[in-house]
Structure formats: C-alpha cells, structure tokens
Amino acid sequence: MARDVVDAEIVESRDDLVAWLEAGGKPADAFRIGAEHEKIPFYKSDLTPVPYEGPRGICALLEGMRGRLGWEAIEDDGKLIGLFDTVGGAAISLEPGGQFELSGAPQATVHGIAGELDAHLHCAHAVADSLGIGFLALGVSPKWSLAETPVMPKSRYRIMSRYMPRVGTRGLDMMFRTATVQANLDFSDEADMVAKLRVGLALQPVITALFANSPFTDGALNGLLSARSEIWRRTDAARSGMLPFAFESGMGFERYVDYALDVPLYFVKRGTIYHDVAGASFRDLLAGRLAALPGERATISDWANHLSTIFPEVRLKRYLEMRGADVGPADRICALSALMVGLYYDSDALAAAGDLVRGWSAAERQTLRDEVPRLGLAARIAGRDLRAVAREALDIARAGLARRGRSDAWNRDEAIYLAPLDEIVADGRVPAQRWIARFNGAWGGRVDPAFQEAVI
C-alpha cells in the first residue's frame with residue numbers, strides 16, 4: 001500500500017462499513033484504470049540487493065526521484081519510505097524487502113497507463129543509473145536468500161513480519177522476496193461489483209498462468225512456474241484465497257464486510273504510531289472493547305487500512321484489485337490492464353466472460369488455483385486446458401476493447417496491449433518456461449544472466 005488512509009470519522013455500525021464500500025460505485029463514463037507494479041532493485045556491479053541506508057541505497061533512490069518529480073515525501077518515524085503526487089494521486093512506495101513500487105494514478109485509458117509507466121521508468125532509471133542500480137522484473141527474487149534480503153524501515157512491516165510465522169510457512173517470503181503487477185478497476189453498483197468480482201476470481205488463475213514469471217529461488221530452479229503464486233498459498237489462509245462465498249446467492253457488500261470483519265487485524269494506527277494488535281478482532285475495535293487499546297473506537301481510516309491487509313486473489317476496496325500476476329516487463333504490465341478493461345468495461349464482454357466461467361464449481365476453481373503455479377497453461381478446468389480458456393478470454397477482451405473504441409494518436413485501440421499475451425497463448429509456453437529453457441541452455445545453469453535479461 002502506498003500510503004495509509006487518513007479519516008478519523010468514527011464508525012458507528014457495520015452499516016457504515018457497508019456504506020463506505022458502496023460509495024465506491026461510479027457511473028460507467030467515470031470508470032478509470034489503475035496499475036501497480038513492483039520491481040526488485042539490485043546493484044549492477046555485483047548483483048547484490050540494495051539496502052535502505054547508504055549513499056547508493058533505497059533512500060538515496062527515493063531522494064533522487066523526489067528531486068526530479070517534486071512529489072510529497074511519505075515518512076515513517078522520520079524515515080523517507082515513499083513519495084506521493086498530490087496532483088494526480090500516484091505514489092511510489094517500498095515493499096518490505098526493498099521492492100520498488102509504483103501505484104499509478106487513475107487513468108481513463110490503457111494508453112494512459114502506458115504513458116505513465118514509460119515516464120516513471122524513464123525517471124527511475126535516470127536516478128538509478130547514477131547509483132549503479134538496476135531493476136529485476138521477476139515474480140520472486142532469483143538469487144538472494146531471505147537472510148540476505150534487506151529490510152525496509154516501515155512500522156507496519158515489522159508488525160506483519162512478527163505475525164506471519166504464526167499463521168503460515170511462507171509469509172516472510174511473500175513479504176520480502178515477491179513482486180507483482182496489479183490492475184485496479186471500478187464498478188457501478190453492487191450488482192456490477194458482484195459480476196466483476198466473480199469473473200475476476202474465476203479467471204485469476206488464468207492470469208497467474210499467463211504472467212507466471214518466477215521459476216528461480218536461491219540461485220536455482222524451484223520446480224514451479226509461479227513460485228510467487230505458490231508462496232501465497234502458504235502465507236495466511238484467513239486473509240487470502242479464492243473467496244468461494246463470493247459465488248453464493250446473496251453475495252454483496254454486506255457479505256464482503258462480514259468476511260473482512262472476521263479477518264484478524266495487524267495493527268491500529270493512531271497518529272504516527274502503529275499499535276501491534278495482530279490477531280485481534282476488528283469487531284472488538286468496532287465495539288470499543290479491543291483489549292490492547294481500551295476504549296478506542298474504529299475509524300474509517302482503520303477500516304480502509306484493514307482492507308489493505310486482506311489479500312484474496314481479487315480484493316474489494318472502493319474498486320477491485322486483480323492480484324494474481326507476477327511482475328514482468330513493461331509490455332506485460334500494460335497487458336494486464338488491457339485484459340481487464342476489455343473484460344470489465346464493456347457490458348457484452350462482461351456477460352461473455354461470466355458465461356465462460358459460470359459452470360465452474362468451487363472445487364474446480366480451487367483445484368485450478370492450486371495447480372496453476374506448477375502447470376501454467378497446461379492446467380485444466382471443466383474438461384478444458386487453460387490455454388484454450390485463456391485464448392477465449394483474450395478474444396472476449398479484444399472485442400470489448402474494440403467496442404470501447406479508445407484510440408491513441410495513431411488510431412489504435414487498446415487491444416494493441418494484448419499482444420504479449422497473444423504471443424504467450426500462441427506459443428503455449430508461459431514466461432517462466434522460456435527462462436527455464438535459457439537456464440538449462442545458454443545460461444549454463446546459472447541465474448546471474450537474469451540480471452541482464454529479466455530486467456525492466
């Protein structure tokens with residue numbers, strides 16, 4: 001998350017939480033797209049990770065970008081941990097292991113996403129090159145152990161890192177060693193939210209397969225195509241997964257609120273202090289009976305921040321976040337936004353996507369989710385291989401983008417950004433399989449060449 005929400009309004013009841021989510025609805029002509037991506041900094045000279053401190057550290061990188069962009073500093077206990085554009089709403093932030101994240105401003109078109117990304121990378125490289133820093137675009141850092149990975153000075157991450165080993169076996173790997181790309185999209189009302197949430201959840205394993213890009217861990221092959229996705233399976237079952245309840249009758253904002261209320265808290269922030277309440281109940285905070293903070297009442301800030309610590313495959317805030325993809329090169333970052341805009345922002349496409357996934361049972365969806373990190377497009381659901389499902393989803397999205405008709409200066413619609421995904425489906429190999437072939441061939445069983453070839 002780029003920066004915490006600040007809203008001290010007291011939440012009087014569960015209905016207030018439902019209303020807050022519902023207020024995210026927008027008319028279709030106001031729909032926007034937001035893209036987020038993380039990349040992994042490294043020193044070009046020796047392929048080591050970049051620490052926070054030092055004349056060529058992450059803080060220096062942030063300071064350099066602050067000087068170029070003029071964005072507002074985001075600090076935690078006096079440490080610079082991010083930048084915020086008060087005009088457009090974009091932000092740069094740090095993930096726990098130094099992963100460098102752009103949370104883009106809401107854009108009207110995928111062309112806008114591409115332009116924003118190009119400007120960001122130009123600025124990032126202008127500063128990073130002077131510091132001898134490069135950026136990996138893989139879903140898991142391929143070389144360094146957890147012990148070798150730096151730790152960023154963010155209070156909320158200290159709380160999370162203490163809690164993670166209590167609830168799963170791979171939470172620290174998730175925090176410190178993974179990198180993702182995410183697309184955020186709007187809904188108009190409750191019915192639209194439910195339709196999009198269901199399509200997004202059902203198709204998220206397809207996205208995981210298309211974007212699978214993390215076959216290396218600790219300098220060797222890890223036996224997976226998306227190790228990042230597998231890590232999430234073993235992080236914290238209480239706050240991640242495929243949300244089977246979303247497909248049940250009666251699904252709506254109230255049902256999601258009830259789910260979120262049952263996800264344990266990590267922290268409660270008061271002023272600049274993060275209070276460690278990991279494992280406690282938001283329901284107790286709502287009622288003013290949280291043992292660690294007697295008498296404190298839940299605020300809108302607490303609710304918004306709590307929602308940001310829930311990690312299902314598709315996350316509901318005041319918009320929907322697609323969370324299934326490993327990061328990759330710039331063209332695939334744009335491709336995720338194009339795919340979801342094509343499926344979501346045209347009514348015929350959304351209906352067709354709903355038809356594509358409607359017959360899948362909860363058990364089939366879960367099995368697919370479990371198998372995709374290992375099998376990629378070779379996984380199967382409802383008697384079909386995932387490659388065929390992906391091809392159909394891309395065709396639906398392409399038609400949706402054509403009907404949407406948002407052209408660039410060369411009169412090209414947003415479907416141009418689907419090209420990398422079309423190539424993956426045509427070839428049948430996901431990105432990780434191409435890296436595995438390089439590792440077993442030209443790379444001679446070494447991951448070091450990834451620091452030249454798998455970069456952004």
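The values are calculated or read from the model by the stated rules, or taken from the named source; none is laboratory data. Just so it is clear, the model here is predicted, and its values are computed rather than measured. Note that we place each Cβ from the backbone using ideal geometry, even for glycine, and neighbour counts take in every protein chain shown.
Data for the structure
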| item | result |
| --- | --- |
| Test: residue in segment 195-202 that is aliphatic (A, V, I, L, M) and under 20 Å from residue 96 (Cβ atoms) | no |
| Test for residue 18: is it among the β-branched types (Val, Ile, Thr), closer than 20 Å to residue 129 by Cβ and under 25 Å from the mean Cα position of the chain (by Cα) | no |
| Some residue of segment 366-375 being more than 24 Å from residue 227 (Cα to Cα) and either among the β-branched types (Val, Ile, Thr) or over 24 Å from the mean Cα position of the chain (by Cα) (or both) | no |
| Of all residues making up segment 142-180, the number that are closer than 18 Å to residue 323 by Cα and part of a loop (DSSP other than H, G, I, E, B) | 2 |
| Residue within segment 149-166 that is within 24 Å of residue 272 (Cα to Cα), surrounded by fewer than 18 Cβ atoms within 10 Å (Cβ to Cβ) and basic (Lys, Arg) present | yes |
| Test: residue in segment 188-204 that is closer than 28 Å to residue 350 by Cα, not basic (Lys, Arg) and not in a helix (DSSP H, G or I) | yes |
| Pairs, first farther than 19 Å from residue 161 by Cβ in segment 220-242, second of a type in the set (Phe, Trp, Tyr), C-beta under 7 Å, six or more apart | 221/439; 222/216 |
| Qualifying positions in segment 240-281 - at pLDDT below 95 and of a type in the set (Ser, Thr, Tyr) | 272 |
| Positions within segment 122-141 being of a type outside the set (Asp, Glu) and either surrounded by fewer than 18 Cβ atoms within 10 Å (Cβ to Cβ) or assigned to a loop (DSSP other than H, G, I, E, B) (or both), in sequence order | 122, 123, 125, 126, 130, 132, 137, 138, 139, 141 |
| When residues of segment 265-283 are limited to those that are in a loop (DSSP other than H, G, I, E, B) and free of Cβ contacts under 8 Å to residues at least 60 places away in the same chain, the one farthest from residue 307 (Cα to Cα) | 271 |
| Residue check, residue 284 over 30 Å from residue 216 (Cα atoms) and either modelled with pLDDT under 95 or more than 22 Å from the chain's Cα centre (by Cα) (or both) | yes |
| Output for segment 92-108, where each listed residue is buried (at least 20 other Cβ atoms within 10 Å of the Cβ) and either of a type outside the set (S, T, N, Q) or assigned to a loop (DSSP other than H, G, I, E, B) (or both) | 92, 94, 95, 96, 97, 98, 99, 100, 101, 102, 104 |
| Among the residues listed as 147, 124, 137, the single one being touching a Gly at 6+ places or on another chain (Cβ under 7 Å) and either small (Gly, Ala, Ser) or modelled with pLDDT under 95 (or both) | 137 |
| Search result, residues across segment 67-91 that are in a strand (DSSP E or B) and either in contact (Cβ under 8 Å) with a residue 40 or more places away in the chain or surrounded by fewer than 16 Cβ atoms within 10 Å (Cβ to Cβ) (or both) | 72, 73, 74, 75, 76, 79, 81, 82, 84, 91 |
